[in-house]
Structures are given as structure tokens and as C-alpha cells.
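J.: Right, I'll just put the structure down here and ask away after.
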């Protein structure tokens, strides 16, 4: 879903001298045209609605953007925001149940049984294994009882039967998104479905879904060399901020999240002031807004959750992580950078573009084309998130026979060039041209546009920033790039992480059960 | 744009999703024959759920449920007739499509050329892929590097790529640069000068992919399962090795180009252009070429897998990738509409039998799904995939096999039929909701020789599928005894062991990457 990847990344892909002049007109025209087609409304509960009319075909796409992600997971509950996102597919008090009044009672029993089991399980002294087994049995009985009321997957069933396409959601560290596309005559049905699941979530089948999420962790992280490397990399780069924590959750934590915690997260973060809903497609604002208002007013009002107080302290020593295992080598390093509000935000995008966008980029030409030591090399930012100070990350994939150390040295040479000499006029112009062209290209996709409008509205308080950011892009100078490179790309601000190939540890393995 | 280097991680802000995305899986470029398939999803996460067994009770109570959503009015859909591109057949047989779209100031184009990896010399497997990488940098007018400089400064692209049955040249740019970019693309098409340096670069990239292919568990599973279906030496599954890519020379690339360029080219232009001027320009460029040569007939053999169970041990994982595979069919088969409905019920989405059973009811998987695929001109595969923790490998495999078996033993219900048809038909317009998609579909139909109104007749056929059709295709195409099972996972952790599945002896598969290294590309200079 390239176009749906957070626009933090997309931005870094956005990016002439002659054509720049030609564009100046197009840009103004564009923003103006969008201002005519976009209507926004803040409801009394604080929720912001954006409706963008685009009549190519009788369809629409939506994006619900919650300003909360796994960075907001309380201590000891890593993976909670993501767990809740899964819960939002499980139905409501009206959808997915044969009798909610009785189911509610049964779910309370499940929760009590889970708490009793966990309390015994976590006893440091005097855990009674017999009692634990009984409690496990009681828990299973309670879940079986609650399951009797469940009509599985009815929420998604209604959506899919009504033509929903691309039904999914994603949880990042910074945000949670829900999205799909649908035929335009289902707009009211969608508004009912979406507002229902946001306002009226029920912790149905929570513990089974937790197992599903743990399988997702095994797929993305545990059984994937890059997944393992990325998790160790951020965990090492951060000492205080939640950006250093496994986003899908540390195994011990995600396996012990309970439904009560998930519902508390919902109560705190799924309030009007924390939600923006954008709809793009064959819809008329005058007809659509009253319908959306009717349904989305159901979402509780509530204060905008307080911002996090933790600020990652300044790094004062270089850190490294070396993974030695029987997989192929990869090298990465990251430098702490400020958040997206920083006046230099566009300078980081310029560096990323010049270093790694396409076949003219410095890392490609140096490591891939000329030295022929890497299959690919990039410098991207921000990672792992952008709302709070993230990292500027370089990484390279060595060609057979080359080592992570060679990648590191070659990347450092390129970084030194940024520090000691100005980039060329052509490079800077290229960044600006590509940013504009890519922004334009993205406007022809309902889903991508909905995602971006909702994200920019949340992050800047105004969707127009999607276009206005080009002013900051235009202002980036060669001196800015040199200044920022000298400031940020220093050893004491660096965390390096790599995989180096080592022989497999087969001797430690016993005869398997597989065969 | 195609990634500069295939199969490698792109670093993006971390995010996790409710259901696996296509991007997260199935990077396998070759083997499954689903190119351009209209199957809604790649069969990793496919199907729809039947409410049987454990679900029977809730279904009975279902009637009492107050269903507020059914009271929400669904107005008539706005009238919509997708804009069809203009089709022009040149005197030499080359076909041109023009699809105007003036929303944004861009023009894009492509030339599709018959002949792809399935047509390469087995001793040079990987040739087409190398050609696809090296071709774009071989212009006579501009060196590859100068071309890159020029394009990037204009935020324009020219790309070349190879697929299983075709290669393609594509370009896109701002309207103002369209003439210049087109002339550069045309230069690559008509006067390429392949060079050793760029071939070497492509060989290094490809070698990296080969060396790394066993690091990716789902990649291993997909690749090896395809070999079980088609045979390891089939044109659809043979894999590039260091030796076979090392054997490719610049002369091979030239010969490949000269051979394929005489086929029936399909030229497609979309975007913000003047159709009269564009048609004149394309006629000037293409009408002078010699008459197209018909593609040679193919005589592929598709036997399907030997039933049984195979295992690949991977010690650095805690999750098994289970593939249950057989032979699929091709899209000309009149049973395809009924099979599409059956797929939806078996593994199409949140409500599919597989998803409901293995993920929702048992909590044994995050990624589960599958179905019987159809390619346009050859049988694709039947494929069901489950990813589950090592310890539940046997349980999850058994559950998935149970659902496959259930296709023939647990009769389909009216409710399942209606749901599957609703799912397929109500989202059908997403196959042509942009002019770009309409253009791509027409090119595909032209390429494989299908009628231009195929999509419409397919939709009508889907509407007509009955329960009797479903039961008939399930009996005809679902043969649990003919399926092969492949597990990739951590042997010692898989307890109970795979023998518990009673599928016969477990055949280990050796996936060691053949060495020695190919002769170094330098030696070719």
C-alpha cells in the first residue's frame, strides 16, 4: 500500500529550476481548487470532519485518523494501541451479538476469570500450579460461555457485503488509522458502521484476538531477520522515550494485556478532539455533512489527551548492536533528529532525497554504481515515528562478499561530503521538483488523499499544510543542508546496528519433532 | 516505479495492520501465474466465511437480532459508464490504446512486449530479469547515467521490467516534458545499446537476491510450494542461480531484444494529451515497423503436485509457514465464475471459512487464506496458506485441511452464496473506478486475446452462479487427496510433529543455495 504509508515517509519522497517556475502557477491553482472542493467541520464533541469532492467514479474512500498509537501504550502494556485496533473490528453492542445484555454479563465474567488467572500466574512466591490449572479452566469456560453470543466477524461482513474494498487499519507509533473504499450509495451505512465501532466498541473475543496479534508479532519480528534487527536497533537508540519500545509489544507484555486495559485506552484516546475523519470521492458536502454529523456526534466528547512528558535525553555516547547469526548481512545507523515541527523538517527531507531518492542519489551512485559494494543504500527520516523526535536512519544491503563495516565506512564518507561541501544547485533543484511532482501525483487517489488530509489536519490543525509545506521546501538552502548535517551526523549522536553472518548454531539443537 | 533493488527491506515508519497487506507477503515475482489476475486478493489472505459447525447456533439466533443497518437506505448508485480507451490497430498489427485523463498535468505510456521469463533458456534462467534491469540504461541517444540525470531533474521516469510472460517499457512525466521523454523511451525500444557495465550491475543485484533468498521464510514457502505444483524445472518455477545469471552475456540481451521486439506490441498512453496529435505521433513512430510475428504456441505440461508432505527446517523462526497446494485452472475455463464464488467462501476475507475457523475461532493464525487461482493463459495454482506458531503447526494445518475438505463435504448454504456474491458484485466497480485501471484491463485483455467486454460478461456470469454450480465446481476441483503440504518452520519446536498429520513420510527439502560462485562478471569484460 505504498500510497498509504504514512506521509512522513511519503513526504521524504516528494520533490526543478525551470519547471519550478511552471509549477508555481499549478500549485496556487491546486490549493484553490481543493479549497473549493473541501469542506471541514468541527462537531460539538470536538471531532473534525473533512469532505473532499472528487467525482471520477461513484465511489468514496475514508480515513479515520486517531492521534494515538503505540507510543501512548502505558508502561508494561506495549502493543496496547494495536491490540485495540484489532478490537475495533469485533463489532458493537448492536453488531456481532445475539443478545448484548447477556453477553455483557458473560464478558465481565471472562475479565474476572482472566484477572484471577493472571494474579496467580504472576505470584513471585507461592504460585499454586494446581490452582493455576483450575483458574485456566475457569477462564476457558467463561470465554466459551461468552462466545455463545458472538456472531463472528459481522462488522466486516456488513462492510464487505456492501462492497467495501481494502478493509484494513494500521497502528503506528504515532497514530491509528482505519480505512476502506465503498460505492457512494453506501455512505450513510458506512457513517453508521464507522461511528458505531469508534463509539461503541465491545471487548468481544479479546483473548483469542490477542493470540492472533502474537502470531502477527512472530511473522513481522521474531521470524524475520530484519524485524529482529529493527527492534533491537530502536531499543538501543532510545533510553527514555517510548519510540524505543517494540511497537507490536514485547512478548511478555502483549501476551498479558487485558480487555479492561484496552477499554481504558479507548476511553482516553478515542474522544472527539482526538479524531479526524476524512472522506474523499463522489460525495457532495452539502448532502454528506448532515449525515456524518448525525452519526459521528455519537462519539464521546473528552479532553484532548495530555501530551507525553518524556523527552529523550541528549545522547552522549555512540552505541552499537551487532547481531551474529546465520542470515545475510545488513547495516543500519541512526542519528537523533527533532520532531516534525522543527523549522528544519524540510531540510531533513532534502538530505534524504539527495542521499537516497532514485538512481542519481549519492548513496546509489557511490555504494551501488561506482564502488559496487551494495545492492542498495538509503537514508530516510523520520524513523520509527515523526510526531516526537525520531531518527535519521541510513542503511545498506551489502553485495555478496561485502561486510557491514564496509557499508558503514562508505556511508560515513558520503555523510562527510555533506558536511564539508555544499550540495550542487542541480541536486537541490531536483529535490524541490520531485517534491512538487510527487505531491501532484498523489492527488489522483481517493484513499491516499483521504489519509493525507486527515493526517495533515491532525498534525498541523489545517489540511492546507499538505500544499503549504511546499513553501518550506522552497526555502531550503545549501547552507541549511550543511549546517544540519554538521549538527546531527556526529558520532556521539549515533547508534549503529548490523547483522553479520555467523555459522548456524545447529549443534545446540536436538532431534526435531517435525520429522 | 519499480524498486531499485528487489526483495530488500524498505525502511518505513513502523506500523502494524489489522490484516496482512499484499505488500507484506508474496514478493515472489515468478511462479504463480497470477499476473494481472482479477482475483481480488493474492491467495494469502483470501476468502469468506461459512457459518457452519460452531457457528450454527448463532446463525439460528441471528433472526432475532435487531439489525439497525438494514434500515439504513441505500439509494440508487450514481450512473457510471467507465470511459473506455480508444483502440487503434496499426497496419502492422501493433495495437495502440489512448486513454485521456485531464485531471492532472501528467502523461504516461507503456509498451508491452510478448515473451518473458518462461521463454528463457533454462541454462540462463534469470536472463529476462537481467534484461529488464539493464535495458533502461542502454539508450543510443543518452548513456544510462545521463538519462537518469535528465529524468530525475524533471521528476520523470522511464522504467523497463520483465515478467513471466512479457517485458515492458514504461514512462511518465509532466505534460510539458512528455515529447522529450517519449522520444527517449522510443530510442530505448528501437535502438538499444546494451553494455557490459550495466549488465554486471544487474547481475550483482540479482546475485544478492539469490544469496538472501533463504532469509525470508514466506519467500521460501511460496517459492518451494510453487515448485511442488509445477515441478522444479518448469518454466513457471525454475529459479535463477548464481551460475545461470553468471552465464548471461551482453549478446544474450541483444538477441533477446531482437527476438521479442518483433512480437505484437501493445502501446498504451494515458493522461493529459491531445488525442489527435498523439495518434499521429504514435502512427509515425510505430506504423513503419515490420508486421508483427505471432507468438509461438506453448506446450507446457501441468501435472500438479505429488500428494504428501514436505518440510524445510529453519532454525531462526518461531512460526511455521504452511502451504497447501494443488493445480488451479485458467481464466478461459467456463467454471471460473463459480470458482470465484467458491474462493470467496473458502478464503476471501474476514467472513471466509478459513478466516473464521483458523483465525477467529481458533486464534491460531494472523495470516490465513487462499483459494484456487486462474491465470489468463495457463493453469494457476490452488493454494492455501497459514502462518502459525511452531507448536500449533499440526493443529492449524489440520484445521485448514478440514476447511478444504469441507468444500466438498459440508454443503454450501444460500447464505454463503448470497454473501459471497454480494462481496464480489458490490465491490466489482473497484475494478474500473479509475481510467488507469480501465486502460490496464484493456491492455491485459488484448494481450491474452480476451474480448474487450470480458469484465462485463464475467460480472453477469458471477450473478448467475447457483448453489448447484458451487457444489459442482467444488466436487470437480477440490481433491484433498491430490494436494501437497509444505511446512517451513523450526523443526525441534514443531511438537506434535508433522507425522501426526498422517500424510505419509515427511520429505525434507534441501534449499541450500548452489555454489560455486559464478564466474565473476569482470571476467566477461
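The values are calculated or read from the model by the stated rules, or taken from the named source; none is laboratory data. The structure presented is a predicted model; accordingly, all values stated were derived computationally and were not measured. Every residue, glycine among them, receives a Cβ derived from its backbone with ideal geometry; neighbour counts consider all protein chains shown.
Residues checked against (1) within 14 Å of chain A (Cβ to nearest Cβ); (2) in a helix (DSSP H, G or I):
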position: B:363; (1), (2): yes, no
position: B:379; (1), (2): no, no
position: B:396; (1), (2): yes, yes
position: B:402; (1), (2): no, yes
position: B:408; (1), (2): no, yes
position: B:416; (1), (2): yes, yes
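J.: Then there is this: Condition first: surrounded by 21 or more Cβ atoms within 10 Å (Cβ to Cβ) and over 30 Å from residue B:250 (Cβ atoms). Now tell me which residues in the stretch B:102-122 satisfy that.
T.: Those that are surrounded by 21 or more Cβ atoms within 10 Å (Cβ to Cβ) and over 30 Å from residue B:250 (Cβ atoms): B:106, B:107.
Here's the yes/no breakdown for (1) touching a helix residue (DSSP H, G or I) at 6+ places or on another chain (Cβ under 7 Å); (2) in a loop (DSSP other than H, G, I, E, B); (3) closer than 24 Å to residue B:169 by Cα:
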residue	(1), (2), (3)
B:227	no, no, no
B:236	yes, yes, yes
B:239	yes, yes, yes
B:245	yes, no, yes
B:263	no, yes, yes
B:268	yes, no, yes
B:276	no, no, yes
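J.: A further question follows. Given A:380, A:397, which one is farther than 30 Å from residue A:67 by Cβ, crowded, with 24+ Cβ neighbours inside 10 Å and touching a strand residue (DSSP E or B) at 6+ places or on another chain (Cβ under 7 Å)? Walk me through it before giving the result.
T.: Numbers: A:380 fails: farther than 30 Å from residue A:67 by Cβ.
Exactly one of A:380, A:397 is farther than 30 Å from residue A:67 by Cβ, crowded, with 24+ Cβ neighbours inside 10 Å and touching a strand residue (DSSP E or B) at 6+ places or on another chain (Cβ under 7 Å), namely A:397.
J.: For the stretch B:101-109, indicate whether the set of residues that are closer than 23 Å to residue B:296 by Cβ and away from chain A (no Cβ under 14 Å) is non-empty.
T.: The answer is no; no qualifying residue exists.
J.: For residues that are out of contact with any strand residue (DSSP E or B) (no Cβ under 8 Å at 6 or more places or on another chain) and within 12 Å of chain B (Cβ to nearest Cβ), scanning just the stretch A:400-422, find the one that is farthest from residue A:460 (Cα to Cα).
T.: Ranking the candidates gives A:401 first.
J.: Among the listed residues B:316, B:274, identify the single one that is surrounded by fewer than 19 Cβ atoms within 10 Å (Cβ to Cβ), outside the structural domain of residue B:168 (by TED's automatic domain parsing) and over 23 Å from the mean Cα position of the chain (by Cα).
T.: Among B:316, B:274, only B:316 is surrounded by fewer than 19 Cβ atoms within 10 Å (Cβ to Cβ), outside the structural domain of residue B:168 (by TED's automatic domain parsing) and over 23 Å from the mean Cα position of the chain (by Cα).
Here is a yes/no grid of residues against (1) part of a loop (DSSP other than H, G, I, E, B); (2) buried (at least 23 other Cβ atoms within 10 Å of the Cβ); (3) away from chain B (no Cβ under 14 Å); (4) in contact with a strand residue (DSSP E or B) (Cβ under 6 Å, 6 or more places away or on another chain):
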{"position": "A:127", "(1), (2), (3), (4)": "yes, no, yes, no"}
{"position": "A:132", "(1), (2), (3), (4)": "no, no, yes, no"}
{"position": "A:139", "(1), (2), (3), (4)": "no, no, no, no"}
{"position": "A:143", "(1), (2), (3), (4)": "no, no, no, no"}
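J.: Please go through (1) surrounded by fewer than 17 Cβ atoms within 10 Å (Cβ to Cβ); (2) more than 27 Å from residue B:502 (Cα to Cα); (3) outside the structural domain of residue B:222 (by TED's automatic domain parsing) for residue B:348 and return the number of the only condition it doesn't satisfy.
T.: If we test residue B:348 against (1) surrounded by fewer than 17 Cβ atoms within 10 Å (Cβ to Cβ); (2) more than 27 Å from residue B:502 (Cα to Cα); (3) outside the structural domain of residue B:222 (by TED's automatic domain parsing), just (1) comes out false.
J.: Tell me the residue from B:162, B:185 that is out of contact with any helix residue (DSSP H, G or I) (no Cβ under 8 Å at 6 or more places or on another chain) and buried (at least 21 other Cβ atoms within 10 Å of the Cβ), please.
T.: B:185
J.: Further, regarding this structure: Pairs needed: first member in the stretch A:87-113, loosely packed, with under 15 Cβ neighbours inside 10 Å; second member anywhere, at pLDDT 95 or above and assigned to a helix (DSSP H, G or I); C-beta distance under 8 Å; at least 6 residues apart or different chains.
T.: A:112/A:142
J.: To continue, here is another question. Return a yes/no flag: does the stretch A:298-316 have any residue that is in a helix (DSSP H, G or I), surrounded by fewer than 21 Cβ atoms within 10 Å (Cβ to Cβ), out of contact with any helix residue (DSSP H, G or I) (no Cβ under 6 Å at 6 or more places or on another chain) and at pLDDT 95 or above.
T.: No, the stretch A:298-316 contains no residue that is in a helix (DSSP H, G or I), surrounded by fewer than 21 Cβ atoms within 10 Å (Cβ to Cβ), out of contact with any helix residue (DSSP H, G or I) (no Cβ under 6 Å at 6 or more places or on another chain) and at pLDDT 95 or above.
J.: Working carefully through the options B:137, B:125, find the one that is buried (at least 21 other Cβ atoms within 10 Å of the Cβ) and modelled with pLDDT of 95 or more.
T.: One residue alone meets the criteria, B:125.
J.: So which of B:441, B:463, B:436 is touching a strand residue (DSSP E or B) at 6+ places or on another chain (Cβ under 8 Å) and assigned to a helix (DSSP H, G or I)?
T.: Of the residues listed, the single one that is touching a strand residue (DSSP E or B) at 6+ places or on another chain (Cβ under 8 Å) and assigned to a helix (DSSP H, G or I) is B:436.
J.: Related question: Would you be able to tell me the number of residues in the stretch B:491-514 that are assigned to a strand (DSSP E or B) and either at the interface with chain A (Cβ under 9 Å from one of its Cβ atoms) or within 14 Å of residue B:322 (Cβ to Cβ) (or both)?
T.: Counting residues in the stretch B:491-514 that are assigned to a strand (DSSP E or B) and either at the interface with chain A (Cβ under 9 Å from one of its Cβ atoms) or within 14 Å of residue B:322 (Cβ to Cβ) (or both) gives 2.
J.: Would you point out the residue of the stretch A:44-100, among those that are in a strand (DSSP E or B) and within 8 Å of chain B (Cβ to nearest Cβ), that is nearest to the chain's Cα centre (by Cα)?
T.: A:59
J.: With (1) in a helix (DSSP H, G or I); (2) surrounded by fewer than 19 Cβ atoms within 10 Å (Cβ to Cβ) as the list, and residue B:203 as the residue in question, which single condition is left unmet?
T.: Just one mismatch for residue B:203, condition (2).
J.: Can you tell me which residue within the stretch A:245-277, out of those that are touching a strand residue (DSSP E or B) at 6+ places or on another chain (Cβ under 8 Å) and assigned to a loop (DSSP other than H, G, I, E, B), is farthest from the other protein chains (Cβ to nearest Cβ)?
T.: Only one residue tops the list, namely A:270.
J.: Something else now. Which condition number does residue A:468 fail, the rest of (1) modelled with pLDDT of 95 or more; (2) away from every other protein chain (no Cβ under 14 Å) being met?
T.: (1)
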